[in-house]
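One structure is given below, encoded as structure tokens.
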Amino acid sequence: MEPAADPDHAIPAEAVARRLDSDLTAGLGEDRAAALLDRYGPNEIESGTEPRPLAILVEQLTSPMILMLIGAAIVSAALGDTTEAVVIAVVVALNAWIGFRQEYRAERAIASLQAIATPTAAVVRSGRRRDVPVGDLVPGDLVELEAGSIVPADGRIVEAHALRVEESALTGESVPTDKQPQPVAAATELASRSSMAYAGTSVAAGRGRLLVTATGMSAELGRVAELLRGAGAEKTPLQLRLDLLVRRLGIAAGVIVLVVFAIEAARGESLDALLLSAVSLAVAAIPESLPAVVTITLTLGAQRMLKRRALIRRLFAVETLGSVTTICSDKTGTLTQNRMTVVVLDMAGDRRDLSSEPEGAIGLGALRDVPALRLLLAGGVLCNDASVADDGSLTGDPTEAALLVVGSSYGLDKEELERLAPRIGEVPFDPERKRMTTVHRLPSSPAELPAELREAFEVERVEEAGARISFTKGALDALVPRCDSVLVGREVRPLDDALRRRALGAGEELAAEGIRVLAVAMRGFSPRGDVPTDDGDVPTDDEVESGLTLLGLQGMIDPARPEVRDAIATCRSAGIRPVMITGDHPLTALAIGRDLGLADGSTVAVTGAELDELDEARLVELVGAAPVYARVKPEDKLRIVEALQGRGEVVAMTGDGVNDAPALAQADIGVAMGITGTDVTKDAGDMILRDDNFATIVGAVGEGRVVFDNIRKFIRNILSGNVAEVAVMVVAPLAGMPIPLLPLQILWLNLVTDGLPAMALAVEPAEPGIMKRPPTPLGESLLGSDRGRRILTRGAMLLGLVLIPTYVLWSAGDDAWQTVLFTSIAFAELAAGFAMRSERIPLWRLGPLTNPLLVAAVAGTVALQVALVSVPALRDVFSLAPLAGWHWLVAVGVALAYYALVELEKAWSRSRARAAG
Ligand code: ATP
């Protein structure tokens, strides 16, 4: 028994496992894990990022618009008009309630979007490795860590291979620290406990296993949940710009109110009348329904994107997507299927095309006479972290899985080989080094080895007992400099210039066919050798990855995703530049790029080494044209993004590995891979591709354009109505008429006859040709490229249309003139809703019924308006007069005329744009 006082970091891993009643190889049993989950509760943090109803309500009630309305109610009450005061109060309450519900729903929708992104951890339970939601982890669980994992719970390191953990969340120190299983002194402070890893920190490099000791709120820094939940609730730039717009309109309204107040005071109006018109004007000028509609539109957009497999983590991405001008994409898995198949084996120029290999040539028999082939395949199988499950399904990196598959087609079984030559050390793969190494202990006599490994003894001349052997695999150009010999047939020859050229030439030839090339090399170590490799020890790459013997190449194909070709064509027509950035060989990259229409015959690939040569200015110049970057390091991605942004491009950038996170964070839209992406990348992403597919990004851009389009549509629709209302309020008194619209009537116009169709415009389907026009510049005015000219024109047209008939009625002493004015504006705004469904396409070409929600909203609103004017009780509340049949006809006539004028104005703008362009 250990003394109870000894903390986990100070006792051996085995002792911690015993204390937790777990097992360092098999982990917990499923039943016990379930029981522990009951006892300890889920591994999450009760955080404050859930929607907070009270805060939303307070925010709603203190919005400038609501305050203005409350002011209006108070003025009405002071003027003795209690009905109006009460109705305004009801409107305030209703509006706050609707606003609250929409906001709350939107926040909940975003929270549930983020819940989909909940990460899983690779856990060993009952001896099997499987993915478990992070929330289900319990003390005693054995968790596998790899580069890019966010440590899901506090735990004791029980195995480590070059494991480095970035603990800035815990210590503020951003340089990763080494982790290893040996206990440290009991007094060691948190930040220096190399035998422990803590929840919320992230694995920067290497691989390891963690025995969970504390979960949820008992973890030192239970921040995982919070880290991964992202920042959903913050306002988007568009929402901020909208707030600004509303504030400016408020100020404009204030100025107009003062002017009108002065004019009317000069005319000797009573104070009551002055106050009344001031309140009406203020209400008329504020677009009450706008903020709510914008929030709803953005969330609906995010939900539609999710249906297309793009998960939005930060709401601003919805609007920014519409403005994307460059999409930088990884190759493997995003443009291609990530389904690798080895098709070529090449041993010092002896090339075997597996697809054309005669029947019977594959299989153990074929290995007998070609030692290099045996070792090439055995190396691919042993230097490998993928695995084959009992049912034959493959897990792990597809590149490595392909090596297992080809090995097994020749009769090599990974488990069997590993039993004979167990792995005792490794230098993990990392895209920077582009290679990985495993070290294996050999049995004491060659006779204990199968033929395919026995060769190793001869080749490396390590015949004594206790010898070790290492296999290194990786990019050919990353391996060749570390080789000093090459296996040709049975013979180990020094790697002279001729042989080096031959190896590199063979690699290039394959790459030019679009084949991904992995080289395999080996090295033997005598037992008394100077390599400190043994259980638990981490060799450095220089110790084991030098003086290697090159065994040969394995070439694999990874077919392009068929849908990507169309997606790339769509990008081109939409004014978006697709760019491939890959760690693969330039020729492989170009072959795939050409196949997909991303590059043409004259394209050359820019390599990472060439990028290193360029200063920032030259880089900015280069990125303007280059569509293919190959052999890049993850940090090159960051430079490319910055250079593109330096040219004013709006960049979407994909990534999966831990080192991609900075580039993703820098990009305007960071796109993380849902399947192959690491936790850290997903955390840095603004959007997650659930299917890792390039075409999904293009689909999401399309949705982003629709959202932005629709927001513009209802902003135009709502504001042109408001302009007309304010203008009527200002112009009518100048024409000698009394106050034309009362506060309550204006509220009705803004919230009902304007608000409902605007909501329907928010779900307007994509306009035809939306991906055939260039992207909208980021930050272009919300009012459109004309900065509001159309809104003013339309407001003026509506003003003229309603004021002329009303003036005639008023001059003729018809009491219904105000009601006719009110109804005309209401109907005209509904009619305009149809015309404003597109700025480019006339309604008859869109099809009048293609937005059913708008049709329903308009029909419903017409019915409400008719009821308001016809039902005496309602009429009284709104101070309206009954209308005769021909009064209604006037209102309908005004509406139709307004619709026609807007269509004409659209046609005129179109022809002007065509003449200009
Ligand atoms: P992309 O950047 O488009 O995803 P990629 O998968 O080829 O392409 P990396 O994963 O960075 O890019 O790999 C870079 C190179 O490292 C590959 O071209 C290959 O030669 C080598 N490589 C890839 N996976 C492994 C592995 N598991 N072991 C050893 N070497 C590898």
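Residue by residue through segment 568-589, note down the ones that are open to solvent by 10 Å² or more (accessible area, probe 1.4 Å), part of a helix (DSSP H, G or I) and farther than 20 Å from GLY507 by Cβ. Within segment 568-589, ALA569, THR570, ARG572, SER573 meet the criteria. Note on segment 36-71: among residues that are farther than 30 Å from VAL143 by Cβ, open to solvent by less than 80 Å² (accessible area, probe 1.4 Å) and assigned to a loop (DSSP other than H, G, I, E, B), the one that is modelled with the highest pLDDT is SER63.
Note on segment 540-567: residues that are more than 16 Å from the ligand (Cβ to nearest atom) and in a strand (DSSP E or B) amount to 1. Out of the residues in segment 376-418 meeting the condition of being within 11 Å of the ligand (Cβ to nearest atom) and assigned to a loop (DSSP other than H, G, I, E, B), tell me which one is surrounded by the most Cβ atoms within 10 Å (Cβ to Cβ). Ranking the qualifying residues of segment 376-418, first place goes to CYS383. Checked against (1) under 14 Å from ALA378 (Cβ atoms); (2) in contact with a strand residue (DSSP E or B) (Cβ under 6 Å, 6 or more places away or on another chain), GLY411 meets all criteria but (2).
When you look at LEU335, is it at pLDDT 95 or above and surrounded by 24 or more Cβ atoms within 10 Å (Cβ to Cβ), yes or no? So that I can check it myself, show each step before the final result.
Values: at pLDDT 95 or above: yes; surrounded by 24 or more Cβ atoms within 10 Å (Cβ to Cβ): yes.
Taking the combined requirement at face value, the residue satisfies it.
No other residue among ARG223, ARG209 is among the basic types (Lys, Arg) and modelled with pLDDT under 80 apart from ARG223.
Whenever a residue of segment 474-485 is away from the ligand (no atom under 12 Å from the Cβ), its partners that are among the polar types (S, T, N, Q), lying with C-beta atoms within less than 7 angstrom and at least six residues away or across chains, give the pairs ARG482/SER546; CYS483/THR549; SER485/THR549. Residues in segment 434-444 that are within 8 Å of the ligand (Cβ to nearest atom) and over 12 Å from LEU382 (Cβ atoms): LYS434, ARG435. Does ALA695 count as open to solvent by 20 Å² or more (accessible area, probe 1.4 Å), without any contact (Cβ under 8 Å) to a residue 24 or more places away in the chain and more than 15 Å from the ligand (Cβ to nearest atom)? When the stated conditions are applied, ALA695 does not pass them.
Would you check if LEU276 is surrounded by 19 or more Cβ atoms within 10 Å (Cβ to Cβ), more than 16 Å from the ligand (Cβ to nearest atom) and part of a helix (DSSP H, G or I)? It would help to see each step written out before you state the result.
Working: surrounded by 19 or more Cβ atoms within 10 Å (Cβ to Cβ): yes; more than 16 Å from the ligand (Cβ to nearest atom): yes; part of a helix (DSSP H, G or I): yes.
So LEU276 fits the description; yes.
Of ASP815, ASP876, which residue is in a loop (DSSP other than H, G, I, E, B) and surrounded by fewer than 16 Cβ atoms within 10 Å (Cβ to Cβ)?
Details: ASP876 fails: in a loop (DSSP other than H, G, I, E, B).
The conditions single out ASP815.
Select from segment 880-892 the residues that are of a type outside the set (A, V, I, L, M, F, W, C) and either in contact (Cβ under 8 Å) with a residue 60 or more places away in the chain or not in a helix (DSSP H, G or I) (or both) and write down the one among them that is most open to solvent (accessible area, probe 1.4 Å). Break it down into steps so the answer makes sense when it comes.
Residues of segment 880-892 of a type outside the set (A, V, I, L, M, F, W, C): 882, 885, 887.
Those left that are additionally either in contact (Cβ under 8 Å) with a residue 60 or more places away in the chain or not in a helix (DSSP H, G or I) (or both): 882, 887.
Details: PRO882: 82, HIS887: 12 Å².
Taking the candidates together, the pick is PRO882.
Residues of segment 482-501 that are open to solvent by 100 Å² or more (accessible area, probe 1.4 Å) and either closer than 14 Å to ARG523 by Cα or touching a Pro at 6+ places or on another chain (Cβ under 9 Å) (or both): ARG490 alone. Residue count for segment 710-731 under the criterion of being more than 16 Å from PRO757 (Cβ to Cβ) and either β-branched (Val, Ile, Thr) or at pLDDT 90 or above (or both): the result is 6. Considering segment 14-35, and only residues there that are aliphatic (A, V, I, L, M) and more than 14 Å from PRO139 (Cβ to Cβ), the residue that is least open to solvent (accessible area, probe 1.4 Å) turns out to be ALA15.
When VAL538 is tested against the conditions (1) within 30 Å of ALA160 (Cβ to Cβ); (2) hydrophobic (A, V, I, L, M, F, W, C); (3) at pLDDT 95 or above, the lone failure is (3).
Taking segment 310-345 as the range and being in a strand (DSSP E or B) and within 16 Å of the ligand (Cβ to nearest atom) as the test, the residues that pass are ILE327, CYS328, SER329, THR336, THR341, VAL342, VAL343, VAL344, LEU345.
Looking across segment 568-598 at every residue that is within 22 Å of the chain's Cα centre (by Cα) and within 14 Å of the ligand (Cβ to nearest atom), the one that is nearest to LYS633 (Cα to Cα) is identified as GLY583.
Using the structure shown, decide if ASP612 is in contact (Cβ under 8 Å) with a residue 60 or more places away in the chain and away from the ligand (no atom under 13 Å from the Cβ).
Numbers: in contact (Cβ under 8 Å) with a residue 60 or more places away in the chain: no; away from the ligand (no atom under 13 Å from the Cβ): yes.
It is false that ASP612 is in contact (Cβ under 8 Å) with a residue 60 or more places away in the chain and away from the ligand (no atom under 13 Å from the Cβ).
Among residues belonging to segment 625-638 that are charged (D, E, K, R) and surrounded by fewer than 21 Cβ atoms within 10 Å (Cβ to Cβ), point out the one that is nearest to the ligand (Cβ to nearest atom). Walk me through it before giving the result.
Residues of segment 625-638 that are charged (D, E, K, R), as a first pass: 631, 633, 635-637.
Filter once more, keeping what is surrounded by fewer than 21 Cβ atoms within 10 Å (Cβ to Cβ): 633, 635.
Numbers: LYS633: 8, GLU635: 12 Å.
The selected residue is LYS633.
Selection of segment 159-180 for residues being open to solvent by less than 30 Å² (accessible area, probe 1.4 Å) and modelled with pLDDT of 90 or more yields ALA160, LEU163, VAL165, LYS179.
Regarding LEU782, is this residue open to solvent by 60 Å² or more (accessible area, probe 1.4 Å) and at pLDDT below 95? In short, no.
The criterion of being open to solvent by 30 Å² or more (accessible area, probe 1.4 Å), at pLDDT below 85 and not in a helix (DSSP H, G or I) does not hold for GLU458.
Annotation: of all residues in segment 856-873 being in contact (Cβ under 8 Å) with a residue 60 or more places away in the chain and in contact with a Pro (Cβ under 9 Å, 6 or more places away or on another chain), the one that is least open to solvent (accessible area, probe 1.4 Å) is THR861.
Being surrounded by fewer than 22 Cβ atoms within 10 Å (Cβ to Cβ) and either assigned to a helix (DSSP H, G or I) or touching a residue at least 60 places away in the same chain (Cβ under 8 Å) (or both) is true for just one of PRO757, PRO777. Which residue is that?
Details: PRO757 fails: surrounded by fewer than 22 Cβ atoms within 10 Å (Cβ to Cβ).
Going through PRO757, PRO777 in turn, the sole match is PRO777.
Small (Gly, Ala, Ser), loosely packed, with under 15 Cβ neighbours inside 10 Å and either within 14 Å of the ligand (Cβ to nearest atom) or under 25 Å from GLY646 (Cα atoms) (or both), is that true of GLY601? Criteria not met by GLY601.
Quick grid of which residues meet (1) within 16 Å of the ligand (Cβ to nearest atom); (2) of a type in the set (A, V, I, L, M, F, W, C); (3) in contact (Cβ under 8 Å) with a residue 60 or more places away in the chain; (4) part of a helix (DSSP H, G or I):
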residue: GLU649; (1), (2), (3), (4): no, no, yes, no
residue: ASP660; (1), (2), (3), (4): yes, no, no, yes
residue: THR676; (1), (2), (3), (4): yes, no, yes, no
residue: VAL680; (1), (2), (3), (4): yes, yes, yes, yes
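Of all residues in segment 727-748, those that are open to solvent by less than 10 Å² (accessible area, probe 1.4 Å) and under 17 Å from ASP876 (Cα atoms) total 7.
The values are calculated or read from the model by the stated rules, or taken from the named source; none is laboratory data. Keep in mind it's a predicted model, so treat the numbers as computed, not measured. Reconstructed Cβ throughout: ideal geometry from the backbone, glycine too, with neighbour counts over all protein chains shown. Accessible surface areas use protein heavy atoms only, side chains included; no ligands, DNA or RNA. Shrake-Rupley method; radii C 1.70, N 1.55, O 1.52, S 1.80 Å.
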